[in-house]
Amino acid sequence: KTKQRSKPTNVIWTHNPDHMVTTMGMYPSDRDRLVVLDHGLTALNIHDPIPTYEVAKPQHPKVILEHLDLILDKNKKHIDHVLKFICHMVFRPEVRINHALLISGAHRTGKSSIGLLVSKLIGVGNTSQPLMSAVKSGFQDWALGKRLALIHEVKESNNHTLDNHLKSFISEDELHLNIKYGSVIVANHLHFMMFSNHRYPFPMEEGNRRIWYVHSNATRQPKEYYNEFHRAVGVGDAIGPEIQHFYHYLKTRVLPLLPSDFAYAGSP
C-alpha cells in the first residue's frame, strides 16, 4: 500500500483530538506529547520519547562493544569518541552535537549496524534513513521531526558541493525545510551518521570539523558472528536483550566522563 503523507493538521488530530495546540515542535527532553510553552501556549511534541531501561542485574554488553572494536580497528580514541557521541544523543537530547559521523570500509562488515543500534537507543520513530538522492533533492520531508539521519551508502567522490550542502543540516540552529505541503522553519535537532563502502566518500574542505571521518579496516566475519550480533541487539526495530545493558553501560561508564562541551567542541 502507498503510504499517505501526514499533514500537520492530521498529526495534531491524531495525537490530540481536541486540537488545542498552537504549534508543533521537537522537544527531545520532554516525554509528554503536549508541551506548555511560555505565555501559556501549548505545542504538539513530534519527538517520540527516548526509551529508558531499568536493569536489575547489569551485564557487560560484550557483543556490542566487540563490534565497535571490529569496525573501529580497536582504536581506543575512535571508540571513545563514538561512545560519547551515542551517549550524548541518549542522555543529553536537548543539545544538538555540531558534527556528524562518517565511517567507510569494506562491504558487508556491519558498519551501518552502529547507526541502527543508535536508532534503537533514541527511538526508531526519531530516525530517518534517507537515500543520498533524497538528501540532495529539493525536498526535505525526511528531516522533519527526526533526530537521526542514517545514510547507509555514500558514494559522491566527484561531488564538490555535498560538503557545503550538508553544512546547514549539521551546524545551523534552525532548518528551513521544503516540505511537500509547503515550507517550514524548525529548530534543528538533526544528527547524521553516514556510511560508505568507498574510501574518501566525498570531497571535504581542509580543516573540516563538521564531519568526523574514519576508514575501517574491518573484514567480513563468519555468518555466526552476525547471527550472534542480531540476537543480542534485535532484528529490525526489535529491541534485543543486550540493548538495555548497553544503555546501562553508557549511563554508568560513559556519561560520567562526557565533557560538558562535547556537543560544541567540533570533530576532533
- Message: Quick check: residue separation of Lys77 and Ser133 times 0.36 nm, minus the Cα distance between them. What number comes out in nm?
- Response: 16.9 nm
- Message: Could you tell me how far the Cα centroid of region 24-79 sits from the Cα centroid of region 111-127, in Å?
- Response: 9
- Query: Rg/Rh for region 127-268: what does it come to with C-alpha atoms and Rh from Kirkwood?
  - Reply: 0.99
- Cα-based Rg then Dmax for the chain, in Å, read 18.9, 59
- Task: Just subtract the alpha-carbon distance of Thr42 and Val184 from 0.36 nm times their residue separation and send over the number in nm, one decimal.
- Result: 49.3 nm
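Just add up the charged neighbours of Lys62: K/R +1, D/E -1, any other residue whose Cβ is under 12 Å from the Cβ of Lys62. Please list the in-between numbers first.
Details: positive: none; negative: Glu66, Asp69, Glu228, Glu242.
My count for the surroundings of Lys62 gives -4.
Which FRET efficiency value, to the nearest 0.05, do you get for His60 and Phe262 by plugging their Cβ-Cβ distance into 1/(1 + (r/R0)^6) with R0 = 22 Å? Before the final figure, lay out the partial values.
Details: r = 24 Å, r/R0 = 1.09.
With a Förster radius of 22 Å, E is 0.40.
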- Using a ≥ b ≥ c from the Cα gyration tensor of region 57-107 (square roots of the eigenvalues), is it rounded, prolate or oblate, where a/c under 1.5 gives rounded and otherwise the larger of a/b and b/c decides, a/b for prolate? oblate
- What percent antiparallel are the DSSP beta bridges of the chain, to the nearest 5? 35
- Item | Local electrostatic count at Ala218 - Lys and Arg +1, Asp and Glu -1, tallied over other residues with Cβ under 14 Å | +2
- Item | Expected 222 nm ellipticity per residue - DSSP helices of 4 or more, -39500 (n - 2.57), all of the chain, to 500 | -8500 deg cm²/dmol
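Arranged from highest to lowest average of other beta-carbon atoms within 10 Å per residue, in what order do the peptides 190-200, 253-263 appear?
Working: 190-200: 20.2, 253-263: 13.1.
So the order, starting with the most tightly packed, is 190-200, 253-263.
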- Calculate the length of the line joining the C-alpha centroid of region 205-231 to that of region 174-188, in whole Å. 32
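Out of all Cα-Cα pairs in region 30-127, roughly what percent, to the nearest whole number, are more than 17 Å apart? Walk me through the intermediate numbers first.
Numbers: 2958 of 4753 pairs.
Here the long-distance tail beyond 17 Å is 62 percent of all Cα pairs in region 30-127.
Read-outs throughout are calculated quantities, based only on the coordinates presented, and are distinct from any laboratory measurement. The structure presented is a predicted model; accordingly, all values stated were derived computationally and were not measured. Please note: Cβ atoms are built from the backbone with ideal geometry, for glycine as well, and neighbour counts cover all protein chains shown.
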